[in-house]
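All of the numbers you see were taken from the coordinates with simple rules; none came from a lab. Bear in mind that the values here come from a model prediction, so they are computed numbers and not experimental data. Reconstructed Cβ throughout: ideal geometry from the backbone, glycine too, with neighbour counts over all protein chains shown.
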Amino acid sequence: MVRWLTTTDHKVIGNLYLLTSFVWFILGGILALLIRAELWEPGLQIVDNPEQYNQLFTMHGTIMLLLFATPLFAAFTNALIPLQIAQAGSSAPFHLVYSARTPDHVFYANELYSSSQGANGVTVDLLYTRSGLLDDARPPGRLSLDDLPAAAPGEGTTRVYVCGPNGFVENAARLLLDRGHPAASIRTERFGSSGG
């Protein structure tokens, strides 16, 4: 149970949304049955008064729209979109350099591994700053010039995205410039603290 509640696996998260959506669908369906039973025959009273009928009708609509349809959309979004992106079949090579403190700090580790194993042009380099795996060729340490690919000659439209804490982003952007990537092709996103 704790594994399900703390997971970062997009398929499990999608299943949790789907389960939540189904539970609310059952509850909304029960309310719909009560509403329909009230309308079965003129004069038949299933609920005590018209105000309660109006409340049932409103709760049914709110549950079906906000608590059923919205999580259902989120379920399919979480479960399918990452798979569609990974299977897009793009002919452009994709190289991800992922830096984390330890192997336990890697988000979507299973997906990254499976994406890098296929013949889809995806390369994933996992770099660790504090402690790595026993069979890693690269010892743990900060991102260096040797960890980043050089810009290909004549490569004007390739975008490079760097995301992370301020210090990491600044260092990675500087190293990319040193490797020959044009400044206009480097996109950065900063978040979190700069130390740590």
ask   = Within segment 1-63, which chymotrypsin sites (Phe, Trp or Tyr not before Pro) sit in a loop by DSSP and count at most 14 neighbouring Cβ atoms inside 10 Å?
value = Trp40
query = Between the helical axis of 10-38 and the dominant principal axis of the chain, each derived from Cα atoms, what acute angle in degrees is found, rounded to the nearest 10?
reply = 10 degrees
query = For segment 2-86, what is Rg from Cα atoms divided by 2.2 N^0.38 Å, rounded to two decimals?
reply = 1.47
Residues with amide H under 5 Å from that of Val124, placed H, sequence gap 5 or more = Leu96
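Please order Ile63, Ile35, Ile30 by the number of other Cβ within 10 Å, starting at the fewest.
Details: Ile63 20, Ile35 16, Ile30 13.
Listing Ile63, Ile35, Ile30 from fewest to most nearby Cβ atoms yields Ile30, Ile35, Ile63.
Sorted from fewest to most neighbouring beta carbons within 10 Å, what does the list Phe94, Phe168 look like? Before the final figure, lay out each step's value.
Numbers: Phe94 14, Phe168 20.
Result, fewest neighbours first: Phe94, Phe168.
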task = In nm, give the distance between the simple-model label positions of His95 and Ile46, each being 7 Å from the Cα along the Cα-to-Cβ direction.
result = 6.4 nm
ask   = By how many nm would the segment from Ser185 to Ala69 lengthen if fully extended, with 0.36 nm per residue of separation less the alpha-carbon distance?
value = 37.8 nm
ask   = If you line up the long axis of helix 50-62 against the longest principal axis of the chain, both from Cα atoms, how many degrees apart are they, to the nearest 10?
value = 20 degrees
Compactness of the chain - radius of gyration and Dmax, Cα, Å = 25.5, 82
request  = For segment 94-190, report the translational diffusion coefficient in µm²/s to the nearest whole number, using Stokes-Einstein at 4 °C, 1.567 mPa s, and a Kirkwood Rh over Cα pairs.
outcome  = 90 µm²/s
